[in-house]
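Trainee: Before anything else, here's the structure in question.
Each reported figure results from applying straightforward, stated rules to the coordinates on display, with no laboratory input. As the structure is a prediction and not an experimental result, all values here were calculated from the model. Here the Cβ is made from the backbone with ideal geometry for all residues, glycine too, and neighbour counts use every protein chain on show.
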Amino acid sequence: MKKIVILGAGTGGTMMAHHLSKKLNSKEWQITVVDDIQDHYYQPGFLFVPFGNYTLDQIRKPQTSLLPRNVRFLNQATKKIDPENNSIETSSGEKLIYDVLIIATGSRIVPEETPGLTEEDTWRKTAFDFYTADGAAALFPAMNNFKGGNLVVHLAEMPIKCPVAPLEFVFLADYYFKRKGIRDKVNLSFVTPLDGAFTKPTAKKAFGNLMQQRNINVITEFNISEVDGQNKVIKSYDEKEVAFDLLVTVPVNMGSKLIEDCDLGDELFFIDTDPATLQSKIKENIFVLGDATNVGTSKAGSVAHFQSEILTRNILDFIRGKPFSASFDGHANCFIESGNKKGMLIDFNYTQEPVTGSFPLPVIGPLPLLKEARRNHLGKLAFRWIYWNMLLKARSIPFVSAHMKKSGKNIV
Ligand SMILES: Cc1cc2nc3c(=O)[nH]c(=O)nc-3n(C[C@H](O)[C@H](O)[C@H](O)COP(=O)(O)OP(=O)(O)OC[C@H]3O[C@@H](n4cnc5c(N)ncnc54)[C@H](O)[C@@H]3O)c2cc1C
């Protein structure tokens with residue numbers, strides 16, 4: 001029996017388990033997924049928890065309910081990858097030999113990287129994250145009790161997963177305080193190390209305009225050196241200071257501790273991966289997808305989804321001894337909640353900036369790109385159902401392809 005081992009049962013790992021179990025004969029191939037999680041969270045839902053739109057119960061499912069029946073789930077963390085001997089070892093000391101290894105161990109927040117952030121009287125007292133279940137849940141009462149003052153939404157350093165999420169947070173905060181009738185008492189700031197609201201020039205302009213319309217201060221090129229929780233200020237290396245009463249930060253993101261411990265990643269513990277084939281540079285029978293890679297596109301669930309289709313074809317080629325037939329173009333698309341029950345949508349890849357036009361079909365859309373619309377907000381809300389029922393189960397979404405389509409878009 002040949003063996004495929006998948007490390008990580010998050011978005012990318014679960015999708016790969018479904019794709020491969022549909023394509024491979026279970027009498028010839030055993031697929032094992034290794035992860036210590038009990039619950040699988042729909043992470044885009046974390047954004048809505050602090051505003052009381054979702055509870056954690058509404059965005060989680062037991063991981064055992066999400067994997068195909070012919071896939072083995074080893075509910076432990078991996079503590080070692082040994083590429084030389086084609087094996088991994090789990091936290092209980094169990095050793096698994098593989099023919100093909102897929103690493104889908106994602107990224108994690110590391111608040112300890114920012115001096116002062118995790119001080120006992122600061123962390124989750126006045127400074128919060130919304131990138132974890134615990135963080136999002138702790139921020140809910142803090143938002144609810146906030147009666148006015150400086151609310152600072154901040155990101156420490158790029159890359160972060162879902163780079164639009166902090167923008168969405170600040171837009172939703174504007175809408176939340178307007179609905180509560182206290183927007184005039186809240187000074188909203190968006191603080192970023194980038195030179196604008198976003199990385200991509202066209203999107204940066206569109207989001208910058210929205211911030212201006214919403215009276216949100218944008219503080220750019222802010223490289224944080226310290227959180228001074230006692231005086232409630234964040235400080236930058238070039239001695240700028242921003243005062244906060246409530247800080248909502250996206251801490252430094254890094255690859256899994258496993259990658260750090262096995263010394264298999266770059267300085268942020270992301271894995272050097274061929275951007276087109278998704279084969280790792282570690283060894284030819286190791287492949288990577290999702291946030292764990294170092295490829296030059298967003299770290300997003302949509303990316304893991306498109307990559308899973310490409311990677312399935314390439315792994316089938318690999319085990320049949322054929323050259324790789326599929327190539328990933330960096331395709332990403334992200335809904336951006338912009339408040340007022342509206343949203344935006346961006347679609348881009350390694351070489352193509354986000355553009356205007358329509359998605360997924362030319363002219364009829366129905367979703368407009370780089371434009372605020374109620375349809376995009378409804379699309380974002382519908383995504384939770386699509387995630388559980390289609391994406392994770394490797395069912396294709398009509399008209400949406402792994403490669404970015406150019407038709408119907410105003411490509412320049
Ligand atoms: C607030 C927020 C909002 C977001 N919004 C969007 C959005 O609107 N659209 C979008 O496309 N994306 C969004 N994302 C990003 C999306 O959730 C991730 O990009 C996606 O989940 C990445 O999938 P992954 O499989 O690479 O990692 P994950 O889904 O994070 O899974 C990684 C898995 O690896 C496991 N793991 C780690 N180390 C080990 C180990 N040593 N042994 C075994 N298992 C291990 C973890 O336990 C985890 O289960 C959002 C994320 C956040 C936090």
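Trainee: Are there any trypsin sites (Lys or Arg not before Pro) in the stretch 1-58 that are in a DSSP loop and have at most 12 other Cβ atoms within 10 Å? List them by number. Could the numbers behind the result be given before it?
Mentor: On the way: sites: 2, 3, 22, 23, 27; in loops: 27.
Of the trypsin sites (Lys or Arg not before Pro), the ones in loops of the stretch 1-58 whose Cβ has at most 12 other Cβ atoms within 10 Å are 27.
Trainee: Of 407, 288, 236, which is farthest on the positive side of the dipole of the chain, counting Cα position, with +1 on Lys and Arg Cβ, -1 on Asp and Glu Cβ, and the Cα centre as origin?
Mentor: 407
Trainee: Specify the angular offset, from 0 to 90 degrees and rounded to the nearest 10, of the alpha carbon long axis of helix 165-180 from the longest principal axis of the alpha carbons in the chain.
Mentor: That helix lies at roughly 40 degrees to the long axis.
Trainee: If Lys and Arg each add +1 and Asp and Glu each add -1, what is the summed charge of the other residues whose beta carbon sits under 14 Å from the beta carbon of residue 253? Don't skip to the answer; put the middle values down first.
Mentor: Values: positive: 108, 161, 257, 299; negative: 112, 113, 129, 157, 260, 266, 267, 291.
Surrounding charge for residue 253 is -4.
Trainee: Okay, next question. Which value in deg cm²/dmol, rounded to the nearest 500, describes the helix-derived mean residue ellipticity at 222 nm for the chain, given -39,500 (n - 2.57) per DSSP H run of n ≥ 4 and division by the residue count? Don't jump to the answer; show the numbers that get you there.
Mentor: Numbers: 7 runs with 92 residues, N = 412.
Rounded to the nearest 500, it is -7000 deg cm²/dmol.
Trainee: I would also like to ask the following. If the reach is capped at under 21 angstrom between alpha carbons, list the lysines near residue 405, excluding any in the same chain fewer than eight residues apart.
Mentor: Correct list for residue 405: 200, 299, 371, 380.
Trainee: Taking Cα pairs under 8 Å and at least six residues apart, what relative contact order does the stretch 109-253 come out at, in percent?
Mentor: Details: 258 pairs, mean separation 54.7, N = 145.
Once normalised by length, the contact order is 38 percent.
Trainee: Could you name the lysines whose alpha carbon sits less than 27 Å from that of residue 2, not counting residues in the same chain fewer than 8 places away?
Mentor: Once the sequence-local lysines are set aside, what remains near residue 2 is 22, 23, 27, 79, 80, 95, 281, 283, 322, 393.
Trainee: Something else about it: Measure nothing fancy, just the Cα-based angle from helix 201-213's long axis to the longest principal axis of the chain, in degrees from 0 to 90, nearest 10.
Mentor: Orientation of helix 201-213: about 30 degrees from the principal axis.
Trainee: Lysine pairs in the stretch 113-197 8 or more apart or on different chains: how many have alpha carbons under 19 angstrom apart?
Mentor: Working: 125/147; 147/178; 147/180; 147/185.
Step by step, the pairs that qualify in the stretch 113-197 add up to 4.
Trainee: Also: In the stretch 204-269, which GluC sites (Glu not before Pro) are in a loop and have at most 10 other Cβ atoms within 10 Å, using DSSP for the loop call? If you can, show how the numbers build up before the last one.
Mentor: Values: sites: 221, 226, 239, 241, 260, 267; in loops: 221, 239, 267.
Qualifying residues, ordered by number: 239, 267.
Trainee: So, counting K/R as plus one and D/E as minus one, what does the shell of residues with Cβ under 12 Å around residue 324 add up to?
Mentor: Working: positive: 313, 320, 322; negative: 274, 284, 317.
Neighbour charge sum, excluding residue 324 itself: 0.
Trainee: Compute the long axis of helix 374-386 from its Cα atoms, compare it with the longest principal axis of the Cα atoms of the chain, and write down the angle in degrees, 0 to 90, nearest 10.
Mentor: Between helix and principal axis, roughly 40 degrees.
Trainee: For the stretch 133-195, what does the relative contact order come out to in percent, with C-alpha contacts under 8 Å and a separation of six or more? Let's see the in-between values first.
Mentor: Details: 51 pairs, mean separation 31.1, N = 63.
Dividing the mean separation by the residue count of the stretch 133-195 yields 49 percent.
Trainee: Turning to a different aspect of this structure: Only four residue types carry charge here, +1 at the Cβ of Lys and Arg and -1 at the Cβ of Asp and Glu. Report the dipole size of the stretch 332-391 about the Cα centre in Debye, rounded to the nearest 20. Don't skip to the answer; put the middle values down first.
Mentor: On the way: 7 positive and 4 negative charges, 63 e Å.
So the dipole magnitude of the stretch 332-391 works out to roughly 300 debye.
Trainee: Dipole magnitude of the chain about its Cα centre, charges +1 at Lys/Arg Cβ and -1 at Asp/Glu Cβ only, in debye to the nearest 20? Walk me through the numbers on the way to the answer.
Mentor: Values: 48 positive and 45 negative charges, 486 e Å.
Charge dipole of the chain: 2340 debye, to the nearest 20.
Trainee: Classify the stretch 109-253 as rounded, prolate or oblate from the Cα gyration tensor: take a ≥ b ≥ c as the square roots of its eigenvalues, call it rounded if a/c is under 1.5, otherwise prolate when a/b beats b/c and oblate if not.
Mentor: Numbers: a/c = 1.41, a/b = 1.06, b/c = 1.33.
In terms of gyration-tensor shape, rounded.
Trainee: Go through the stretch 278-345 and name the GluC sites (Glu not before Pro) that are in a DSSP coil and have 11 or fewer other Cβ atoms within 10 Å of their Cβ. Working shown, then result.
Mentor: On the way: sites: 284, 309, 337; in loops: 284.
Passing both the DSSP loop test and the Cβ count: 284.
Trainee: Can you list the residues of the stretch 1-34 with backbone N under 11 Å from a point 7 Å past the Cα of residue 389, pointing along Cα to Cβ?
Mentor: Counting only backbone N, you get no residues.
Trainee: Once you charge only the Cβ atoms, +1 for Lys and Arg and -1 for Asp and Glu, what is the size of the charge dipole of the stretch 267-412 about its Cα centre, to the nearest 20 debye? Spell out each step's value before the answer.
Mentor: Working: 18 positive and 12 negative charges, 137 e Å.
Approximately 660 debye in magnitude.
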